[in-house]
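Scroll down for the structure; my scribbles are underneath it.
Throughout, read-outs are computed from the coordinates displayed, never taken from laboratory work. What you see is a predicted model, and the numbers here were worked out from it, not measured in a lab. Because the Cβ atoms are built from the backbone with ideal geometry, glycine has one as well, and the counts that use them run over all protein chains shown.
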Amino acid sequence: MLAFSNAMRQLDGAAAHLGLDLGEVAKLKEPDRIYEFDIPVAMDDGSQKSFKGYRVQFNNARGPYKGGIRFHPQVDLDEVKALAFWMAIKTAVVNIPMGGGKGGVSVNPKELSQSELERLARGWVQNMAQHIGPHQDVPAPDVNTNPKIMDWMADEYGKISGDKTAAAFTGKSLEYGGSEGRGTATGQGGFYVLEELAASLGMQSAGRRVVIQGFGNVGYHFAQLVQRAGYVIAGVSDSKGGVYDANGLDLEAVMKAKQEKGSVIDYAAGTKVTNQEMLEQECDILVPAALENQITAENAGAVRAKIVLELANGPTTPEADGILWSKKIYVAPDVLTNAGGVTVSYFEWGQNLAREHWSEREVLAKLELVMKNAFNAVWDTHKKHGVELRTAAFMVAVRRIVDAME
Ligand code: NAD
């Protein structure tokens, strides 16, 4: 399944409701620039290996290209293009003055040592340094990239360009100019959206069951937040499988098992389920927080949640969207729900350029306002036009991008 063609179908749906002409739609579908390059890396054993690197700069009508860099064996041009396009939609949904871009390297980072990983990260920057920068294109972390990797990248960019602001990369460590609240921002933003959506649907939070696919940076922080707010975390999974307990999991014990033994399935209690079964477990809120194309025409009919809260990018295919909506399951779309990360990245960029450092309280207050305003714009469009939330979010964003392009 190709992520980019799914993304274009989502765009077509919104464009039809907005009455855009074919020329406008064609312009929205065309990335501004695509970079593909080989990154040679000297391995610790003296050999040399080459990895395929990518950056897609999709649309900058509303501001510098913005979007993460993914290190994963599945990374290819189709995926990076889809993710870059979704970034342009996302920055417009939350109304921050940024455009959309994305990058990646086709690599399994778990097979590299720390020094090999550092050489790979710096190699990516050596290829892209001429084409990125604080006012041009500002990358950030994504799957398998983290503050340490962003620090290496920002350092390499500074060495090559002479830039001292560190604003060419976000998601850096606090020591290197990162923002308070960035590490947890995506989960936090998703939590604000969940609370707004639950209130709009007349659902109470206390005791609601949550199942989360993916227990990484985003999934884990989100789990902690919702548990503190009174939700019950009934299931979590990672690439090896999942664990479910309708009465609730001990999150810290699950994390300990993952850190010590490698996976959430090593947690001693609960029922072990496959990744496929995890999506079909009894719950109120299902949270895909791993990769694309997880809820499809094959399994959407078996989803038993009332809300699908997309923290991953592109987890639901267009066919699955149709099936879920026909069952009156609300999908809180990725371009809204996981936009907390890019919003705090935008705050980090602004702090770097202004040489400021905001408190966590300040960051969270600003994030809450951005996420709630975005939710309200999407909810109002949903109500006014009778469309599901993804089409509503795309309608809000596409209108803003088209206005900026004009
Ligand atoms: P991560 O690498 O920290 O975690 C990914 C998790 O998914 C890991 O626990 C991994 O084991 C698990 N996983 C992989 N394949 C799986 C499968 N088939 N089934 C179940 N679990 C699986 O990555 P992350 O930063 O948490 O990103 C997760 C998702 O959130 C991605 O789609 C990413 O694009 C999206 N996202 C991340 C951010 C951010 O700020 N990091 C922002 C917006 C969106």
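Loop-located GluC sites (Glu not before Pro) in the stretch 194-287 (DSSP state other than H, G, I, E, B) with a sparse environment of at most 16 neighbouring Cβ atoms within 10 Å: Glu282. Among Ala404, Ile89, Tyr157, which residue has its Cα furthest toward the positive end of the charge dipole of the chain, with +1 on Lys/Arg Cβ and -1 on Asp/Glu Cβ? Among Ala404, Ile89, Tyr157, the one farthest towards the positive end of the dipole of the chain is Ala404. As a rough guide to protection, the peptides 53-64, 203-214 ranked by mean Cβ packing within 10 Å, highest first, stand as 53-64, 203-214.
With one equal scatterer per alpha carbon and no solvent term, the Debye-computed log10 I(q)/I(0) for the stretch 179-406 at 0.09, 0.12, 0.17 1/Å reads -0.36, -0.65, -1.23.
On the beta carbon distance between Leu201 and Asp78, with R0 = 35 Å, the FRET formula returns roughly 0.50.
With the alpha-carbon atoms of the stretch 34-176 aligned to their principal axes, the span from lowest to highest coordinate is 48, 34, 24 Å, starting with the largest. Calculated on the Cα set of the stretch 114-256, radius of gyration then Dmax: 18.8, 55 Å.
Across the chain, Cα-Cα pairs more than 36 Å apart make up 20 percent of the total. The dipole here belongs to the chain: it is taken about the Cα centre, uses +1 on the Cβ of Lys and Arg and -1 on the Cβ of Asp and Glu, and is about 520 debye.
Ordering Gln126, Tyr54, Val303 by Cα displacement along the dipole of the chain toward the positive end leaves Val303 in first place; charges were set at the Cβ atoms of Lys, Arg (+1) and Asp, Glu (-1).
Averaging over all projection directions, the Cα-based convex hull of the stretch 333-406 occupies 5.7 nm² in the image plane. Charge tally for Gly314 (other residues, Cβ to Cβ under 10 Å; Lys, Arg +1; Asp, Glu -1): -4.
Could you state, as a whole-number percent, how many of the C-alpha pairs of the stretch 13-55 are farther apart than 13 Å? That fraction is 69 percent.
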